[in-house]
Structures are given as C-alpha cells and as structure tokens.
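So the structure is just underneath, and the comments pick up after that.
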Amino acid sequence: MSDFLKLSRDGDVAIVTIDNPPVNALSFHVRAPLMQALGALRDDASVAAIVIACAGRTFVAGADITEFGKPMQQPELRAIVAVLEAIAKPTVAAIHGTALGGGLELALGCHFRVADVGAKLGLPEVKLGLLPGGGGTARLPRLVGALKALRMIGSGTPIGADEAHAVGLVDAVFAGDLATHAVNFAREIARKGGPFTPVRDRNDLLGETELAAFDAEAADLARKARGLEAPVACAQAVRNAVTLPFDQALAAERALFVKLVASNQSRAQRHLFFAEREAAKLPGKDVIKRRIASVGVIGAGTMGGGIAMAFANGGFPVILLETSQEALRRGLATIEKNYAVSVTRGSLSEDAKRQRLAQFKGSTDYADLADCDLIVEAAFEDMAVKKEIFGKLDAVAKPGAILATNTSYLDIDEIAASTSRSRDVLGLHFFSPANVMKLLEIVRAEKTAPDALVTSVDLARRIGKVAVVVGVCHGFVGNRMLAARGAESEALLLEGATPSQVDKAFTDFGWPMGPFQMGDLAGLDIGWRNRKARGLTAAIADTLCEQGRFGQKTGRGFYLYENGSRTPVPDPEVEALIRAKAVEKGVAQRAIGAEEIIERTLYPLVNEGAKILEEKIAARASDIDVVWVNGYGFPVGKGGPMFWAGLEGAARIVERLEHWYRQTGKDVFKPAPLLRRMAETGSWETDATGG
C-alpha cells in the first residue's frame, strides 16, 4: 500500500511492516499509510491479531528529527497510538535492533511487545534536549514503575531485551526468526481471547507511596543536569503519570515537549546530533578503506595505556611497546587495575575483563610491530623523540600500515617527513583518559593518503569515538582554541579575580569545572613543560610549579586538596602569591565580575575558532562544536562555542572584543574577519560552497 509500508497475512494474523531505511524513522510518509492500515485492519473481521514489524536492521529507531520545530503533518504519532489502543483485537510489536524514542512509543501503543534477544529499547529524547512527546512518559511508568521509568527517560540510555523482559517492558524474548515467533505469539494470544488492556489503562504500578524515593532521585537528576532543562522536565512528566489522570498527564507531557522543542537548549543539542554525523563525512565515498585487524601502541604511560585500552575495548588485539620491561610491567599493571575498578563498579564483568586483558601483548622490541595494521605513537611530547620513533617505524612497519602520532601540539608534517611513507602518517589525538573520553581529533597532514584518513574515521566509530578531521597547526583545533581561552587567565588573576571566582563564572555558565580546577586535575606541570619548550612564561602558574604544586597529584596547585580529597579548597597562600605578583608587575587590583570573565575568556575562544575556519584547519563550524563539547566540556545545552556565538550574537562578541583590544592591545582580542562577516550575515561559511 506504500513504498514505505507493506501489509501481509499469515492466516488470520496481519503483519504491518515498516520499511523506511536506514532506521525506519517515523516520517510523515510512514505515519500516513500506517494510520490508514491500522484503520483498515481494525475493521477487518478476518484479522484476529496484528503484528507491527520493521524491515532492515532495526525496528523504528525514532521520530524524524528533521521535522522537529516545524508544523507537524497529520497524522502525528499520538493519533496513531490512540488508534492502536482502541483496537479490540490484540496488537503485538515485534522489536529487533533498536526501538528508540517514537519507535518505543509506537510499541507502547500495542497491547504486547516481543523482542529479539539482541534488541535494545529506550527513550533517548533527553539527549536532544527534549522529553518523549508521544506518550512515553505517561505509558512507560505503567509497565515498569515510576522509578525505573525515571532512570530510563532521565538518562536516555537504552536497556537490553532481557532486562526489558525482567522489568515488564516486553512480554517475551526470542532468539532467531522473530517474525515467526511474533506471529505465533499473536495467534496464541488471540486464541485465548480478551479483553486486551491497553497500556494506558494499567495502573497497578503507580502507587504514590514511592513518591518520596522518586523525588529524591529526581532531585539528584536535576543536580547532575547542571542547568539542562530537559532532565528536569522528564522527571516532572514521569511524576505526572503517577499523580494525574492519564489524559491530563498526556496533555502535560505535550505542553512540556512543545516548550522544550522551541528552547535554545534543545536547538543546541539537536545541532550537536547532526554535527557529530556531519563530522564523520569525508569526500570520496569510493575510497577503499584499509584493513585494520591489529594495532600497536608505543608507550604504556597514561595516554598510551588508555589508547591501548580503547582499542582492546573495541575488540582489537594490541601490542603495547615500551623501552624497558619495568616500564612495560607498570603499564600493563595499570591497565589491569583500571579494568578491575570497572569490575568493582559493576560496569564490566569478570569474564569481560579477562577477555580484554587477553587482547594485550607486551613488548620492548620494535620488530614485534611488523605485522600491525595501525601503529599509534604515544610517547613524550618532544619532536626529536617522535621523529626518532617514526624513523624506527619506517624500518619495521609493513607496507600500507597507518602510522599515527598522538601529539597534542606538534607539527605532523615534520614528523611525517622523518619517514619514507608520508602518505601513511596522520595524527590520532586522543583525549585523556583515552579509554573514556569520546573525542578523537584525526589530524590530516599535507601528504596523508585519502584511504588512510577514511580508514581512521571508520576506525574511530568502531572503537566508540566521535571523530573530527582537522588540519595541521600548533594545537590543531581544540588545544589551539584552549590557548586562546586561557590567554587572559593570569591577567584576570593579577587584576583582582581569584581562581575560585573565575572557576565559578565557568561553572555558572555550565562547564563541569573551571580552568584552574581543570589545570589542577590535568597537572600543572604539563603546561609548564609546554611553555618552557616554547620559550613562554606564566608568572603565577610557573611559580606554583617551581614550588612543586602540580595540582591534585601533589595535593596542592591553584587549590588545596586535603587528605587526598579531590575537592578543591581555596588556598590563602596562592591568593597572597597572586597579590605579590600583581605588586611586582605594577598591576592595580580591582573587583572583576563574571560577565567580564566570560568576555575575556570565551569571546577569544570563538574568535580563534573563526580564524581556524578561515585557515581551513576545520571544515565546518559544527566540527569545532563537536570538538569542544566532546573533548573539553563545553556545555551541551549551548551547542558548542560556534553555535553559542550565534545565540550570544556575533555582533556583540565583535563589539566587546574591539573594546578589550582597545584596552589591552592584545591580538587575542582582535576580531577575525570571518567573525565580523558572521556578525553581518549570520553564517560561518567561508565561501560560496561553505568550504
């Protein structure tokens, strides 16, 4: 009856199959024929039961996000679910792959749900700054209880089929030939006879006696949300399912959804959803990827060990190379300890830990890397050291192996020139801890081969990373912009702000922590070594390092960390040091407000991003947003620095940068031409094609 919907029969069971690749999204061209089909089957006396299934690799994986914020074409999902619930004969959702968002809400409209053993079910709308808008917050609690519904909806994390069965979300789980099992299940249910109670009328799990525990968990969710509106709205909508009649809860859900979908936060989060997918797209669809079956990692320290874990977690055998057996032993012991912590926390089984540890082979001999398809160097951030390593790799690596450096700043073209195979060399800039952080900056050197680049982007996906391709410059995208953000940090302190005041301005903005807390966490000695290598100084930070105050690892940095605590405590000695340095440099101190702190740190961040776009170090403004949200903690609800600049107003940013440029004469405040153009046109495009 449609290119996107098929009807078939197995005796007296009707099968409605949605076929809207790639993920069977509930677009208008699916909803319209689905509504028509359900109406016809409802009135067909020869049909005893109805199964809703999907073609391809998944059940309905959500609504069509491109329709959000636009006038909704009828019928909408809520109307379809209402028709489903009014059908007197049993309806069964046959779920394989993923039933997410609108897909799960469609399934909740059925009397029964059966799932393939590998299926996952969830309501992830909160990750788009939304809540389920098709009745999910009103129906899910009626099947799994309010607390479980809050955890699922508030986190947006899907659950597996077995767990879904255990909590009452699905009625049966099958292995193999789901279609046949679903039809047989539907036929047997119909044979037993009704009445068949729709989910909306199931109230057994909605006792108000659990509201105290619910409210405590909702308060914790709001605290962790750090100003995001959607998690709080999700909690309110689920609570409404307990305290309000169904139709009132449904209406309240819709009102909250409409408010959220129009909000800047949801716009920002939807922008990031598409930005991550766009960042993974490269020109040259016909490029054949190289085969990556085994990986070598050079360096078993913090970064090297984390990178090795990232590949092992992705199923790759890893050869971990160190300069000595002792260094190798320490590195492998740390990896085993990290996995043991995961087992203790319950995020990894003991069996999975053993399987992952079995992926590692330690070595001190470069010859053992000869059969690796990818070799990642994660040695000390020193050009001479890295060139020496790549010279050795040039001699032992097999033809076609990708040679990658994890450098955070150094010139990869220079590193590539130390080999006879520059086409095989690129940067894989992981973020610490590399086995946890999602971002992977893939640095395209001047001579990097297209197939090496495409292979690396695909590999990032295979190990669960968000990949962004960037060009070569000092610090690439993330760290180059970080330097611009931090350029005024010491000046703000010398002029009168305290570390805690600066950090509070950041956390109030939505960052997980401020720059001085972050410096203490990462280790102040890292920046100190980098400055010394470049002939730069930072009066306050350098003095702290000279005093052995490297941050959390030494118990003292910009803050005190008492008795091993990770909680920063303002230190009067640091504040006295700042005042003394201000006197030494002849800087008069004054009160500095949060607005000035944001202007002098985040406006230069945006400005540097504009320069990066002008130089084509990044292909798209949205790529920069992906880098900063996934690698540096830029608030998700603000969409990344370049998207936020549009919300803030590029004209205002230009005006304030000009003000600070007149005040200080510092280049970091000189507005980039592209930023000025953005203020005039509202677009970050650098040429007619958006290059």
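Taking the number of other C-beta atoms within 10 Å as the exposure measure, put VAL454, VAL626 in order starting with the fewest.
With the sparsest Cβ surroundings first, the list reads VAL454, VAL626.
To test your reading of the geometry: what angle, between 0 and 90 degrees and rounded to tens, separates the Cα axis of helix 594-614 from the longest principal axis of the chain?
On a 0 to 90 degree scale, this one is about 90.
For segment 348-425, how big is the tail of P(r) above 15 Å, as a whole percent of Cα pairs?
The proportion of pairs with Cα distances above 15 Å equals 58 percent.
Grab the DSSP H runs of the chain that are 4 residues or longer, score each as -39,500 (n - 2.57), total them, divide by all residues and round the 222 nm result to the nearest 500 deg cm²/dmol.
Roughly -15000 deg cm²/dmol at 222 nm, from the helical runs in the chain.
Could you give me the radius of gyration and the Dmax of segment 626-691, taking only the C-alpha atoms into account and expressing both in angstrom?
In Å, with Rg to one decimal and Dmax whole: 13.1, 37.
Is the shape of segment 497-585 rounded, prolate or oblate, going by the alpha carbon gyration tensor and its root eigenvalues a ≥ b ≥ c, with a/c under 1.5 for rounded and a/b larger than b/c for prolate?
It is rounded, given that a/c, with a ≥ b ≥ c, falls under 1.5.
Got a sec? Which residues in segment 303-347 would a label at ARG529 touch, if it sits 7 Å along Cα→Cβ and we count backbone N under 13 Å?
Those under the cut-off are 303-304.
Mind checking the full-extension length gain between ASP215 and THR66? Use 0.36 nm per residue of separation minus the Cα-Cα distance, one decimal, nm.
That pair, ASP215 and THR66, stretches by 50.2 nm at full extension.
Roughly how many nanometres apart are two label points built 7 Å out from the Cα toward the Cβ at ALA45 and ILE288?
6.3 nm
Provide MET383, MET518 in ascending order of the number of other Cβ atoms located within 10 Å of each residue's Cβ, fewest first.
MET383, MET518
Below 8 Å between Cα atoms, with a sequence gap of 6+, how large is the relative contact order for the chain in percent?
That works out to 9 percent.
For labels at THR507 and THR537 in the simple 7 Å Cα→Cβ model, what's the distance in nm?
For the pair THR507/THR537, the computed spacing is 3.3 nm.
Between LYS666 and ASP204, what is the FRET efficiency for a Förster distance of 56 Å, r being their Cβ-Cβ separation, to the nearest 0.05?
So, using R0 = 56 Å, E works out to roughly 0.25.
Could you list log10 I(q)/I(0) for segment 436-512 at q = 0.16, 0.17, 0.22 Å⁻¹, which the Debye formula gives when each Cα is one point scatterer?
-0.76, -0.80, -1.00
Given (1) 1.00; (2) 1.20; (3) 1.11 as candidate values of Rg/Rh (Cα atoms, Kirkwood Rh), which corresponds to the one derived from the coordinates?
This structure yields the entry labelled (1).
Taking the chain as the reference, fit the longest principal axis to its C-alpha atoms, fit the long axis of helix 499-509 to the helix C-alpha atoms, and give the angle between the two in degrees, 0 to 90, nearest 10.
Approximately 30 degrees, to the nearest ten.
With contacts defined as alpha carbon pairs under 8 Å and 6 or more residues apart, what's the relative contact order of segment 594-681 in percent?
33 percent
How about segment 540-636: which GluC sites (Glu not before Pro) there are in a DSSP loop, with at most 14 other Cβ atoms within 10 Å of their Cβ?
GLU615
What's the extension gain from ASP247 to ALA384 if we count 0.36 nm per residue and subtract their Cα-Cα distance?
42.4 nm
Can you pull the one-decimal nm distance between simple spin-label points at ALA262 and LEU647, each 7 Å off the Cα toward Cβ?
Using points 7 Å along Cα→Cβ, the separation is 1.7 nm.
Using Cα pairs closer than 8 Å and at least 6 residues apart in sequence, work out the relative contact order for segment 223-370, in percent.
18 percent
Quick one: putting +1 on the C-beta of Lys and Arg, -1 on the C-beta of Asp and Glu, what dipole do you get for the chain around its Cα centre, in Debye to the nearest 20?
Dipole of the chain, to the nearest 20 debye: 240 debye.
Figure the gain on full extension for VAL117 and ASP371 (residue separation times 0.36 nm, minus the Cα-Cα span) and round it to one decimal in nm.
87.7 nm
Find how many whole Å separate the alpha carbon centroid of segment 509-582 from the alpha carbon centroid of segment 1-76.
What the calculation gives is 58 Å, centre to centre.
Could you compute the FRET efficiency for VAL583 and GLU278, with r as their C-beta to C-beta distance and R0 at 56 Å, rounded to 0.05?
0.65
What are the equivalent ellipsoid semi-axes of segment 5-262, built from the alpha-carbon gyration tensor (square roots of five times its eigenvalues), in whole angstrom, biggest first?
After scaling each eigenvalue by five and taking roots: 29, 20, 17 Å.
Hey, how much of the P(r) for segment 352-500 falls beyond 22 Å, as a percent of Cα pairs?
I get 46 percent for the Cα pairs in segment 352-500 exceeding 22 Å.
All of the numbers you see were taken from the coordinates with simple rules; none came from a lab. No experiment lies behind these values; they were computed from the predicted model shown. Methodologically, a virtual Cβ is constructed for each residue, glycine included, from the backbone with ideal geometry; neighbour enumeration extends over all protein chains shown.
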